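Reviewing the structure listed below.
The values are calculated or read from the model by the stated rules, or taken from the named source; none is laboratory data. Predicted model, so just to flag it, every value in this text is computed and none were measured. Every residue, glycine among them, receives a Cβ derived from its backbone with ideal geometry; neighbour counts consider all protein chains shown.
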Amino acid sequence: MAAGLLCLGAQRGERLGIWSPNRPEWVLTQFATARLGVILVNINPAYRSSELEYALNEAGVHILISAVGLKSSDYLGMLRDLAPELADCAPGKLQAKRLPELRSVVQMGRCAQPGMFSFEQLQSLAGPAQINRLSLIESQLDSHDAINIQFTSGTTGQPKGATLTHHNVVNNARFVAHAMRLGPSDRLCVPVPLYHCFGMVLAVLAATSTASCLVFPGESFDAAATLAAVATERCTALHGVPTMFVAMLGLAHFAQFDLSSLRTGIMAGAPCPIETMRQVLSDMHMPEVTIAYGMTETSPVSFQSAVDDSIEQRVGTVGRIMPHLEVKIIGEDGKTRPIGQVGELCTRGYAVMQGYWADPQRTREAVIDGWMHTGDLATIDAFGYCRIAGRLKDMLIRGGENIYPREIEEFLYRHPAVSQAQVFGIPSAKYGEEVCAWIVLKPQAQASPESIREHCRAHLAHFKVPQHIKLVASLPMTVTGKAQKYLMREAMMKELGLATG
């Protein structure tokens with residue numbers, strides 16, 4: 001495949017986009033581009049036309065490898081809308097007004113559409129000359145070359161393209177794999193998306209670096225299909241965000257799946273309720289499941305729990321710092337805070353990204369003297385365990401009191417009727433901000449906003465008690481399981497008749 005890309009004119013440092021759910025072609029593309037020094041641009045499978053247009057133009061993508069579609073998303077239809085010139089151009093000769101850098105589109109499958117190559121064609125394009133060139137090209141590459149651009153999901157403004165190197169992602173994958181004690185006898189089930197670091201680094205590269213086997217249950221997450229894959233393939237490890245584990249445990253026929261082969265894995269992306277962790281440890285036979293924390297800009301993991309950490313350490317903390325990285329907690333004055341005090345978490349070392357693609361200003365704002373400013377509020381205790389208190393921008397101030405939503409969320413998770421909880425601030429003329437909570441109840445559970453508020457009053461300081469509580473069927477989430485608080489805030493402000501400007 002790498003040799004086929006040479007036939008399309010791919011060169012070191014150029015950008016190749018991949019727009020696809022989890023498929024074998026994704027993994028082939030990941031390794032083929034790395035062999036050539038071509039920068040792989042991961043495009044969210046959930047993107048629509050305007051988001052795709054932004055990502056392709058922002059990264060200056062020259063070649064795009066695309067699936068035909070996923071569920072209700074017609075990828076090829078969106079591409080034709082953006083580049084109607086595909087209908088009349090020869091494959092590899094695209095000149096699209098709205099996508100000026102894009103010259104080649106490769107469609108997964110055998111039958112090529114007008115103006116596109118098929119993936120099968122791409123793999124058969126090369127002759128001996130291109131194949132012989134590969135070793136020379138590889139010998140000229142450097143481990144610190146940019147190799148991957150991942151667009152961080154923006155809550156305000158446009159997403160930023162975090163640019164990662166071979167050195168970033170390969171080393172991070174190795175240390176993550178070692179923390180789980182992965183080896184050649186392990187089989188890792190991967191229901192998380194490949195376009196994100198969770199799939200691409202913590203799964204594909206972690207398994208590759210330890211000669212473990214990779215098992216993909218399907219194109220996108222399905223609870224039953226994931227459990228079936230674990231049982232059938234006798235997987236020893238399983239990755240997922242907490243909502244995935246909740247969905248699997250909640251299946252009516254959960255007990256029918258033999259999960260006795262499981263041992264370890266990673267739960268990351270969001271806080272894990274303690275009851276869910278207990279069920280994962282016992283009912284899913286994952287006594288050595290680990291918790292990981294990080295961000296795309298740090299390749300991604302900077303903290304991970306150990307396989308023998310206590311359940312409290314795995315639920316209440318995100319583990320300890322990974323090898324060969326430094327962290328510090330700083331106050332608003334930029335000075336390091338004492339042990340146990342809340343401040344912004346900063347990370348330095350091999351895992352910090354090269355920068356945001358073509359955006360030196362935002363790079364300078366995020367990385368200062370080598371320290372990646374995460375925007376997360378955290379504490380580190382005397383034993384090195386890190387607790388995430390919330391996002392710096394999520395912290396709200398009510399009547400002069402600093403309130404950390406994460407603290408209230410963790411309390412709400414202890415309520416017997418609460419399945420999921422998200423806390424955020426909305427404007428208040430009297431106090432500056434008021435506490436608001438969106439809550440998803442457990443199946444068949446009953447509770448009213450007032451009963452939950454009374455429960456809070458009995459255990460929390462008065463200023464932390466949510467003024468507004470809304471019971472919802474589900475929470476708006478990113479593909480990787482992160483709650484989108486800005487959407488909740490906007491919806492709540494509209495409901496209460498507050499200005500959103």
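Only residues that are of a type outside the set (Asp, Glu), more than 18 Å from ALA162 (Cα to Cα) and in contact with a Leu (Cβ under 6 Å, 6 or more places away or on another chain) were counted in region 330-381, giving 3.
Residue by residue, here is whether (1) among the charged types (D, E, K, R); (2) part of a loop (DSSP other than H, G, I, E, B); (3) within 29 Å of the chain's Cα centre (by Cα) holds:
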| position | (1), (2), (3) |
| --- | --- |
| ASP394 | yes, yes, yes |
| ASN402 | no, no, yes |
| LEU412 | no, no, yes |
| ILE426 | no, no, yes |
| PRO443 | no, yes, yes |
| ALA447 | no, yes, no |
| ILE469 | no, no, yes |
| MET493 | no, no, yes |
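Out of curiosity, is ARG362 in a helix (DSSP H, G or I), crowded, with 18+ Cβ neighbours inside 10 Å and not assigned by TED's automatic domain parsing to the domain that holds GLY481? Even if it seems obvious, please write down each step before you answer.
On the way: in a helix (DSSP H, G or I): yes; crowded, with 18+ Cβ neighbours inside 10 Å: no; not assigned by TED's automatic domain parsing to the domain that holds GLY481: yes.
Criteria not met by ARG362.
Here is a yes/no grid of residues against (1) assigned by TED's automatic domain parsing to the domain that holds LEU487; (2) among the hydrophobic types (A, V, I, L, M, F, W, C); (3) buried (at least 23 other Cβ atoms within 10 Å of the Cβ); (4) at pLDDT below 95:
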position	(1), (2), (3), (4)
GLN107	no, no, yes, no
ARG110	no, no, no, yes
ASN148	no, no, yes, no
THR155	no, no, no, yes
VAL176	no, yes, yes, no
GLY183	no, no, no, no
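Of the strands (runs of 3 or more DSSP E) entirely within region 121-214, those holding at least 3 residues that are within 27 Å of GLY375 (Cβ to Cβ) and either in contact (Cβ under 8 Å) with a residue 40 or more places away in the chain or hydrophobic (A, V, I, L, M, F, W, C) (or both) occupy 146-152, 160-165.
Mind checking whether some residue in region 16-24 is among the hydrophobic types (A, V, I, L, M, F, W, C), closer than 24 Å to ARG110 by Cα and at pLDDT below 95?
no
So that you can scan it fast, the table gives a plain yes or no per residue for (1) touching a helix residue (DSSP H, G or I) at 6+ places or on another chain (Cβ under 8 Å); (2) outside any loop (DSSP other than H, G, I, E, B); (3) under 29 Å from GLU433 (Cβ atoms); (4) not assigned by TED's automatic domain parsing to the domain that holds ALA59:
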| site | (1), (2), (3), (4) |
| --- | --- |
| ILE329 | no, yes, yes, yes |
| GLN341 | no, no, yes, yes |
| ALA358 | yes, no, no, yes |
| HIS373 | yes, yes, yes, yes |
| GLY384 | no, no, no, yes |
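Just to be sure before I move on: is THR232 over 17 Å from the mean Cα position of the chain (by Cα) and free of Cβ contacts under 8 Å to residues at least 24 places away in the same chain in the structure I sent? Yes. Only residues that are within 23 Å of GLU409 (Cα to Cα) and touching a residue at least 40 places away in the same chain (Cβ under 8 Å) were counted across region 306-317, and they come to 5. Each residue in region 215-241 was checked for being farther than 21 Å from LYS482 by Cβ and part of a helix (DSSP H, G or I), and 9 pass. Restricting region 68-102 to residues that are part of a helix (DSSP H, G or I) and among the acidic types (Asp, Glu), the residue that is nearest to ALA112 (Cα to Cα) is GLU85.
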